[in-house]
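Asks: I'd like to ask some things about the structure below.
The values are calculated or read from the model by the stated rules, or taken from the named source; none is laboratory data. No experiment lies behind these values; they were computed from the predicted model shown. Cβ coordinates were reconstructed from backbone atoms using ideal geometry, including for glycine residues, and neighbour counts include every protein chain displayed. Heavy atoms of the whole protein, side chains included, go into the accessibility calculation; ligands, DNA and RNA do not. Shrake-Rupley method; radii C 1.70, N 1.55, O 1.52, S 1.80 Å.
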Amino acid sequence: MTWDGASLRRAGFLRQATAALAALAALAALPDPVQPQSASSTVRAPAVRAIKAPAVDGVVKDDEWKGAPVLGDFVQFQPERGARSKHRTEVRVLYDSTTLYVALRAWDAEPVIAQLTRRDASLDQDDAFAVLLDTYGDRQSAYFFAVNALGTQADLRIVNDGRTQDASWDAPWTVRARLTPEGWEAELAIPFSSVRFEPGRDRTWRVNFLRSRRRTFELSHWSGPVNEPYQVSTAGELSGLNLARPPRRLEGIAYGLSRSQEGSEPFWDAGLDLRWALTPGISLVGTVNPDFATIESDRETVNLTRFELSLPEKRPFFLEGAELFRQRIQTFYSRRIADIGGGGRVVGKRGPWTFSLMGADAEARVGTDSVAAAYSVGRVQRAFGRSSVGATWAERRIDGSGQGSAGLDATLFFTKTLGFTGQLIQSYGPYDDGTAAFFLRPSYDSPTGHFHVRYTHLGERFGDNVNAIGFVRDDNRRELDAALEKKVWLESGSVEQLGYDSNYNIYWGQDGSQRSWQVDQSVDFQLRNGWSLAVGHSEEFKRFEKDFRNRATELKLGYNTREYRSATAGAKFGRNFDADFLLLAAGARLKPTAQSSVEYQLERLMLDPDPSKNSTWIHVVRASQFFTSDLYLQAFYQTNSVIDRHNLHAVFVWRYDPPFGTVQLAFQRGTAAFGQASQQGNTLFLKATRVF
């Protein structure tokens, strides 16, 4: 038998892949060494049934919350981990046959920091409160409901014991908040129909409550201390819940859209989504001409790499269960799927198993042609204490020919700080050689630090197969990388917080030739007077059609960045692919009134030499006027000089039945597609969504 170079490479990969798979299997078979909290350290609260449901109006009245236990003594995550919170917080919990009710009283002697904005906007720069619900008690996954001091609400899904969050998840729930002379208070009503759970008597949910205070960066929890803000395994217990099966099992969302575009015929469209709760833990979703008519532009940005940019998903059909597909090697990238005529999915959890299956018929772009394609995606995950193993499959099929991948992955915890993640994938499609990939990543995580080392193998043709439905920027790699992060809190002096980040990366092609190395170093300072400063430097080598030696130094200055009203400025300069460059950036955020906001961002890229004329100006302006958090007007304007783009977008939104029941009236000038010139004329949209 003779062996050519390709055979030898395949044999080498098979040995590496076999070793990696054996390691994953052995690690997954180990029992979880991280033991649950002891009975003495777990904080508990009894579930008290409400005699009468409290009025959710943001006014916490003692008579309405009579009998509810008062939960307090919050513990800091930062800046003084393990210390009692310096600011008094009280939480009360009640429930009835349909809803979980939570009340908050937050004391604060200084003015509260918050802004009134749209639902699901980031609350990272606000004084806020959140409820974490681990309804299955699996110590891995949870629902997260948050509100700021002015009543702006946000929700998300958490998996992997807090390591992964999916902010695209939405559910119906109600909250009201108000400022008081003592601080602020809020009341939340979370319907049981909005979460998955096992019905029955005397059930126990794992819960935690979080409070953030931006003025001092304090983040505290009812059950703590935690190792990271979204950690699920440290949650306390809410016991004695008697939970019936939710009575509402079938939900429909219908939408209608009309579009009038200058120079084109009027366009009308409609569609329907149906969601059937087979059990409280398993849902079946069907769609006909689904509502993918999101009237929102992708923000322009400067790309100094030679690789494709990943864009966020905004279409509702893909959002439920999206957190399950957040692996490092992204074998499913939903924005590869264009307009869909019909589709369906099932998402659920039963015992330690979590799963998501999806199928859809859509148009696919092959070269310059648009052809009919069938997409199939599936994932199943098995929990072992805090650890988990999973399998993922994703495929695009055209004319009976399939292209995609199948893979295994593991997230393992050995102690509170030592963990491991790994992934093993085999792709298939038009290429047979160099079609597999894997990575192994041990890590150390503490409340103020992180360190990992990772080895990644990407075959020469792995991306060519996977990118029919996945997202792989580059393949043909044997890659070694490491990262070190550390955050230090200082009790006195002008510097309040010091952060250090470093990243090291080197990779070779499968033929052994070095293709790249990169070193990144940065340090940032948060000053007590509200200013912030960050300094970073990168050195890298890249081999493409020739060898390139790139470097960049970056300076960032910020004022009052712990609040919404803030200003930033920065400069990045160096050499990039045989051109000297200077990238200037600036931004400002203002609140002319309590209900309005204006945001401006600037990027200016200058290249020398610049034969392709890629030097550019990018301007982005956002303005919002809120009448309530569910009734608002927003305007968005952006320009990109290198592609002659001038895109204006204005929308009036009324969420009459939040989060899904909406009426939207929008005006758009120029295309909303990323990286395209403004060739589209004035367009007027009217869209209505009805929940039944």
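Asks: Can you figure out the FRET efficiency of residue 245 with residue 353, using R₀ = 22 Å and their beta-carbon distance, to the nearest 0.05?
Replies: So the FRET efficiency works out to roughly 0.65.
Asks: Going by a ≥ b ≥ c, the root eigenvalues of the Cα gyration tensor, does the range 580-633 fall in the rounded group (a/c under 1.5), the prolate group (a/b larger than b/c) or the oblate group?
Replies: Here the range 580-633 falls in the prolate category.
Asks: Under 1.5 on a/c is rounded, so check that first for the range 602-650, then, if it is not, pick prolate when a/b is larger than b/c and oblate when it is not; a ≥ b ≥ c are the square roots of the alpha carbon gyration tensor eigenvalues. Numbers along the way, then the final one.
Replies: Values: a/c = 7.30, a/b = 3.45, b/c = 2.12.
Cα axes put the range 602-650 in the prolate bin.
Asks: For a quick protection proxy, order the peptides 629-642, 507-520 by their average other-Cβ count within 10 Å, most packed first.
Replies: 629-642, 507-520
Asks: Taking the Cα centre of the range 69-111 as origin, sum charge times position over the Cβ atoms of Lys and Arg (+1) and Asp and Glu (-1), and report the length of that vector in debye to the nearest 20.
Replies: 100
Asks: Please give the charge dipole size of the chain, origin at the Cα centre, charges +1 on K and R Cβ atoms and -1 on D and E Cβ atoms. Round to the nearest 20 debye.
Replies: Value, rounded to 20: 1080 debye.
Asks: Further question on the same structure: If each DSSP helix of 4+ residues adds -39,500 (n - 2.57) and the sum is divided by the residues in the chain, what number results at 222 nm, nearest 500 deg cm²/dmol? Present the calculation step by step, with values, prior to reporting the outcome.
Replies: Details: 2 runs with 30 residues, N = 692.
Rounded to the nearest 500, the figure is -1500 deg cm²/dmol.
Asks: Students often forget the sequence filter, so: which aspartates and glutamates lie under 17 Å Cα-Cα from residue 591 once same-chain residues fewer than 8 apart are removed?
Replies: Once the sequence-local aspartates and glutamates are set aside, what remains near residue 591 is 124, 126, 127, 563, 599.
Asks: Using a cut-off of 20 Å between alpha-carbon atoms, which aspartates and glutamates can reach residue 613, once sequence neighbours fewer than 8 places away in the same chain are excluded?
Replies: Within the straight-line cut-off, residue 613 pairs with 300, 308, 578, 580, 603, 644.
Asks: Please list 145-152, 447-454 highest first by mean number of surrounding beta-carbon atoms within 10 Å per residue. Walk me through the numbers on the way to the answer.
Replies: On the way: 145-152: 23.9, 447-454: 16.0.
Going by the mean number of other Cβ atoms within 10 Å, highest first, we get 145-152, 447-454.
Asks: Please list 608-614, 227-233, 275-281 highest first by mean number of surrounding beta-carbon atoms within 10 Å per residue.
Replies: Ranked from most to least packed, the peptides come out as 227-233, 275-281, 608-614.
Asks: Among the lysines, which fall within straight-line cross-link reach of residue 487, defined as a Cα-Cα distance under 26 Å, with same-chain neighbours fewer than 8 residues apart omitted?
Replies: Once the sequence-local lysines are set aside, what remains near residue 487 is 86, 416, 556, 572.
Asks: Whose amide H sits under 5 Å from the amide H of residue 169, counting only residues 5 or more places off or on another chain, with H placed in the peptide plane?
Replies: Placed amide hydrogens put 157 under 5 Å from residue 169.
Asks: For the range 193-206, take each phi angle, set θ = phi - 60°, evaluate the Karplus expression 6.51 cos²θ - 1.76 cosθ + 1.60, and give the result in whole Hz per residue in order, putting x for glycine and proline.
Replies: 5, 8, 10, 9, 6, 9, x, x, 9, 6, 7, 10, 9, 8
Asks: Can I ask one more? In percent, how large is the relative contact order of the chain, given Cα pairs closer than 8 Å and 6 or more residues apart?
Replies: Computed over the chain, the figure is 10 percent.
Asks: May I ask you to give the percent of accessible area on the range 540-631 that is carbon plus sulfur, with a probe radius of 1.4 Å?
Replies: Values: 2820 of 4870 Å².
C and S fraction of accessible area: 58 percent.
Asks: Tell me the label-point distance for the pair residue 330, residue 547, using the 7 Å Cα-to-Cβ offset, in nm and rounded to one decimal.
Replies: For residue 330 paired with residue 547, the spin-label model returns 3.2 nm.
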